[in-house]
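Down below is the structure, laid out as structure tokens.
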Amino acid sequence: MNIAIYGGSFDPLHVGHVQIVQEALKSLHVEKLFIVPTYLNPFKTKFHAPSDLRLKWLQKVFTCNDKIEIITYEIEQKKAVPTIETVKYLKQKNPTIQKIYLIIGADNLDSLSKWHSYEELCDLVEFVVASRDGIKIPQGLIKLPINAKISSSKLRSSMNKSFIPQIIEDEITQFYKNKETKWTKE
């Protein structure tokens, strides 16, 4: 079995995340794409939306495809979990896995060598890089061409509703409105 793993904070989930999943399912020959929301990103000290709410948003957006499965492993740990641990967990849970594609955003390329057990991770997965912000993706890596010019941090600062999947737009808007932010719609 070939799988893809797409982890992240999804804080908040936006149309760029959706495009990455759609493009991965179209481009990669996988039987399953596992979406893995973090409890806390290992390179961050806080989150804006709690993990249970981010999970709820993911479940609402990604419920219509049998190839997609949302894994709560990292949230259940109640701490930052290195990617290598999640990869090993999924391999143990699914012994028929032959190939693992690990989907990352191009913004992670500079820090990738700092990831926990990076060398071992390289032996276990094939990296798939979603394009972002014109960052050059080295040859030899699989590229996912994504045209959404958005990130969660940009979305939190711009408050542009047009970058939120419509099915969760009201929930995300309400959550951040309660945090005294102002949203706009283009």
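The values are calculated or read from the model by the stated rules, or taken from the named source; none is laboratory data. The shown structure was predicted, so the numbers you read here are calculated from the model rather than taken from an experiment. Neighbour counts are summed over all protein chains in view; Cβ atoms, including those assigned to glycine, are modelled from backbone coordinates with ideal geometry. Just the protein is used for accessible areas: all its heavy atoms, side chains included, with ligands, DNA and RNA removed. Shrake-Rupley method; radii C 1.70, N 1.55, O 1.52, S 1.80 Å.
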query: Out of all the residues in segment 22-36, which are part of a helix (DSSP H, G or I) and of a type outside the set (Lys, Arg)?
result: Gln22, Glu23, Ala24, Leu25, Ser27
field: Answer residue from segment 66-86, given it is assigned to a loop (DSSP other than H, G, I, E, B) and more than 23 Å from Trp115 (Cα to Cα) and is modelled with the highest pLDDT among those
entry: Lys67
- prompt: When you go through (1) in a helix (DSSP H, G or I); (2) of a type outside the set (A, V, I, L, M, F, W, C); (3) open to solvent by 60 Å² or more (accessible area, probe 1.4 Å); (4) in contact (Cβ under 8 Å) with a residue 60 or more places away in the chain one by one for Gln19, which number turns out not to apply?
  reply: (3)
query: Looking at segment 87-140, which of its residues are assigned to a loop (DSSP other than H, G, I, E, B) and open to solvent by 60 Å² or more (accessible area, probe 1.4 Å)?
result: Pro95, Thr96, Gln98, His116, Arg132, Asp133, Gly134, Ile135, Lys136, Pro138, Gln139, Gly140
- request: Only residues in segment 123-146 that are among the aromatic types (Phe, Trp, Tyr) count as the first member; pair them with residues that are assigned to a strand (DSSP E or B), Cβ under 9 angstrom, at least 6 apart or cross-chain, and list the lot.
  value: Phe127/Tyr101; Phe127/Leu102; Phe127/Ile103; Phe127/Ile104; Phe127/Ile142
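So if I check each of Lys56, Lys60, Lys44, Lys149, which one is in contact with a helix residue (DSSP H, G or I) (Cβ under 6 Å, 6 or more places away or on another chain) and within 30 Å of Asn160 (Cα to Cα)?
Lys60
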task: For segment 57-65, state whether one or more residues are among the hydrophobic types (A, V, I, L, M, F, W, C), surrounded by 21 or more Cβ atoms within 10 Å (Cβ to Cβ), assigned to a strand (DSSP E or B) and in contact (Cβ under 8 Å) with a residue 60 or more places away in the chain.
output: no
- request: Could you check, for segment 1-13, whether at least one of its residues is open to solvent by less than 60 Å² (accessible area, probe 1.4 Å) and part of a helix (DSSP H, G or I)?
  value: no
field: Search result, residues across segment 147-175 that are out of contact with any Lys or Arg (no Cβ under 7 Å at 6 or more places or on another chain) and of a type in the set (A, V, I, L, M)
entry: Ala148, Ile150, Leu155, Ile164, Ile172
